[in-house]
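Here is the structure we will look at.
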Amino acid sequence: MKINKNLSELQKRDLKHIFHPCSQMKDYEDFPPIVIEKAKGMYVYDEFGKKYMDCIASWWLNPLGHCNERINKVLIDQANTLEHVIFSNFSHKPAIELSEKLVELLPEGLSKLFFADNGSSGVEIALKLAYQSQNQRGYEKKRKFVTIKNSYHGETIGALAVGDIDFFTKTYRPLIKEAVKVEGPECFKCKFNKEYKTCGAECFSYMEKELRENHEEIAAVIVEPIVQGAGGMKIYSPKYLRKLREVTEELNIVMIVDEIAMGFGRTGKMFASEWAGISPDIMTVGKALTAGYYPMSIVCMREEIYDSFYADYSEGKSFLHSHSFSGNPLGCRIALEVLKIYEEENILAQINEKGDYLEAKMKEVFGENENIGEIRRIGMIGVLEIVKDKKTKERFSSKERVGYGIYKTALKNGAILRPLGDTIYFLPPFIISKEEIDEMVSICKISIDEFLSNKK
């Protein structure tokens, strides 16, 4: 790799050894890593003292701002008390208290919890639980998984199997036992000419057909509830989830809801599934739960799933899955404090009030913009679809890397806006103020206009 001599010493040392995630490292020759030295609240600061607004909560992890004093305090206290202990045949107070608190908040019926350490791992566990549970209840033909197109559930092999974003999966297809991918909600260009806020989820007909025709072989369906995140922050009707819950219950198909990205308030409710008023058989949670401080995910399940594993050891029904950091006390203590802050500071109400303000500001600033094909918002997620032609919704060629260009321009202007293709989204920490929302939207507009005008 060519290393620019004008880089800082830290940048040179970084590029000498580090392979950054979700990156083409050759891009770093012209656009080297930004070395962050400190952070506070909505902002991170690089080694040269430049300030950047964190508009995507550092990969959707940070709901309460960087270096939160309350979380810092409990983390230090826990580190001085118990940093880790094997979670097989051992337990500890933070895990017990967190389990009790979560069960109070989760959709009704989800009462058993299995601790993991990241979203992909949580999805792997959910898939294994669903398959093994079906098998141990006597449904040995049920070996297939079904998901909807444009899904993202992580990047380990099993998680890729139930995902449908070519960018992540195409290289590894020879290794993957792929799930059945069903046509799902595509609300930006709806084939039924409907709007997701008022439709009857007509697109569910594709899923219903697949499930009814092949239910004897289907172990589970896995979906991202209400918002398909990495697939472009695509919002769809809660009616889709309600219909899915009805059919999966009728046909004895395990329903897995992946709330890793959308859980803990991001859509304006504690869990996105609440928009549909449903309770799945298995739910994965993570990301915001530990506020960016610690890698943790939890797989939540109904008693029926748990009971299918409960037997004498000699029957061979144990769930032999483990993670070294499962149930880590530091992560559990942080998560407990996060949930206390949510409750004491009424975070959900803040999310919805600020979300309404964000939507109004987006429409005010971008409503007439000829390169914005759609503006949408739910909770504290704001989305702008960058298009070449507003009337036809024609996109720019992917070779033009428009989203990437806007991202680099926004960094120059002091904001972290990491797009999904040409979809620009706002997903800030919930502590953002209305004045900071104004600043965030303003920097975005300046950056879009600057990049596209230079491109012409």
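The table that follows gives values for the structure above.
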| quantity | calculated |
| --- | --- |
| Scope segment 408-422; condition outside any helix (DSSP H, G or I) and either open to solvent by less than 10 Å² (accessible area, probe 1.4 Å) or in contact with a Phe, Trp or Tyr (Cβ under 9 Å, 6 or more places away or on another chain) (or both); matching residues | 414, 415, 416, 417, 418, 419, 421, 422 |
| Residues of segment 86-111 satisfying the condition of being open to solvent by 40 Å² or more (accessible area, probe 1.4 Å), assigned to a loop (DSSP other than H, G, I, E, B) and more than 21 Å from residue 269 (Cβ to Cβ) | 86, 87, 88, 89, 90, 91 |
| Index of the failed condition, residue 114 passing every other in (1) in a helix (DSSP H, G or I); (2) hydrophobic (A, V, I, L, M, F, W, C); (3) crowded, with 20+ Cβ neighbours inside 10 Å | (1) |
| Cβ pairs under 9 Å, 6+ apart, first in segment 236-251 and touching a residue at least 40 places away in the same chain (Cβ under 8 Å), second open to solvent by less than 10 Å² (accessible area, probe 1.4 Å) and basic (Lys, Arg) | none |
| Residue match in segment 317-328 (condition: in contact with a helix residue (DSSP H, G or I) (Cβ under 7 Å, 6 or more places away or on another chain) and outside any loop (DSSP other than H, G, I, E, B)) | no |
| Qualifying position, being closer than 28 Å to residue 168 by Cβ, in contact with a Phe, Trp or Tyr (Cβ under 8 Å, 6 or more places away or on another chain) and either among the aliphatic types (A, V, I, L, M) or in contact (Cβ under 8 Å) with a residue 60 or more places away in the chain (or both), among 63, 107 | 63 |
| Checking residue 199 against (1) in contact with a helix residue (DSSP H, G or I) (Cβ under 8 Å, 6 or more places away or on another chain); (2) without any contact (Cβ under 8 Å) to a residue 60 or more places away in the chain; (3) surrounded by fewer than 23 Cβ atoms within 10 Å (Cβ to Cβ); (4) under 30 Å from residue 308 (Cα atoms), the condition it does not meet | (4) |
| Among residues of segment 180-196, those that are under 25 Å from residue 279 (Cβ atoms) and touching a residue at least 40 places away in the same chain (Cβ under 8 Å), counted | 4 |
| Filter pass, residue 349 being among the small types (Gly, Ala, Ser), farther than 30 Å from residue 221 by Cα and open to solvent by 10 Å² or more (accessible area, probe 1.4 Å) | yes |
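Yes or no, residue by residue, for (1) buried (at least 21 other Cβ atoms within 10 Å of the Cβ); (2) assigned to a loop (DSSP other than H, G, I, E, B):
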| position | (1), (2) |
| --- | --- |
| 425 | yes, no |
| 429 | yes, yes |
| 435 | no, no |
| 438 | no, no |
| 446 | no, no |
| 450 | no, no |
| 454 | no, no |
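So that you can scan it fast, the table gives a plain yes or no per residue for (1) at pLDDT below 95; (2) open to solvent by less than 50 Å² (accessible area, probe 1.4 Å); (3) within 15 Å of residue 429 (Cβ to Cβ):
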position	(1), (2), (3)
18	no, no, no
24	yes, no, no
33	no, yes, no
37	no, no, no
40	no, no, yes
43	no, yes, yes
48	no, no, no
53	no, yes, yes
56	no, yes, yes
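The values are calculated or read from the model by the stated rules, or taken from the named source; none is laboratory data. Bear in mind that the values here come from a model prediction, so they are computed numbers and not experimental data. Reconstructed Cβ throughout: ideal geometry from the backbone, glycine too, with neighbour counts over all protein chains shown. The area values use the complete protein model at the heavy-atom level, side chains included, leaving out ligands, DNA and RNA. Shrake-Rupley method; radii C 1.70, N 1.55, O 1.52, S 1.80 Å.
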